[in-house]
Amino acid sequence: MHPGVVVLVIIFEGAHEVTLHATHAQAWRQLMEFVDRRWEARFGRTPSPIEPEARADEFFRNDGDDFYAIIDADVSELQDALT
């Protein structure tokens, strides 16, 4: 198995955030924290969906310029170049 990393990309209100994670679950958890911290500012007192995937979809649906991506990346070539 090749060494990998999970990349979380969030583009929100023109700001770009890129973070690296060991697992998909860690990236998803950080995405949910991002959404939950900003939910009330974006939607007021409208309750957020309980299901995490629905919550993320709803949060990023309102603005075509905002989005997120969770990407599995193979970094084996980088590791080979560094050794």
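The values are calculated or read from the model by the stated rules, or taken from the named source; none is laboratory data. All figures in this text were calculated on a predicted structure; none of them were measured in a lab. In this analysis, Cβ positions are derived from the backbone assuming ideal geometry, glycine residues included, and neighbour counts consider all displayed protein chains.
Computed values, structure above
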{"item": "Every pair of residues 6+ apart whose Cβ atoms lie under 6 Å, when the first sits in the stretch 63-74 and is closer than 9 Å to Val6 by Cα and in contact (Cβ under 8 Å) with a residue 12 or more places away in the chain while the second is surrounded by 12 or more Cβ atoms within 10 Å (Cβ to Cβ) and hydrophobic (A, V, I, L, M, F, W, C)", "result": "Ile70/Leu8; Ile70/Ala27; Ile71/Val7; Asp72/Val6; Ala73/Val5; Ala73/Val7"}
{"item": "Selection count where residues are exposed (fewer than 13 other Cβ atoms within 10 Å of the Cβ), under 18 Å from Glu53 (Cβ atoms) and hydrophobic (A, V, I, L, M, F, W, C), scope the stretch 11-37", "result": "1"}
{"item": "Of all residues in the stretch 1-32 being part of a helix (DSSP H, G or I) and without any contact (Cβ under 8 Å) to a residue 40 or more places away in the chain, the one that is farthest from Ala73 (Cα to Cα)", "result": "Met32"}
{"item": "Residue check, Ile50 surrounded by 16 or more Cβ atoms within 10 Å (Cβ to Cβ) and among the aliphatic types (A, V, I, L, M)", "result": "no"}
{"item": "Hey, Val35 of a type outside the set (Ser, Thr, Tyr), touching a residue at least 12 places away in the same chain (Cβ under 8 Å), in contact with a strand residue (DSSP E or B) (Cβ under 9 Å, 6 or more places away or on another chain) and under 21 Å from Val75 (Cα atoms) or not", "result": "no"}
{"item": "Among (1) surrounded by fewer than 15 Cβ atoms within 10 Å (Cβ to Cβ); (2) at pLDDT below 95; (3) outside any strand (DSSP E or B) - the single one Ile71 does not satisfy", "result": "(3)"}
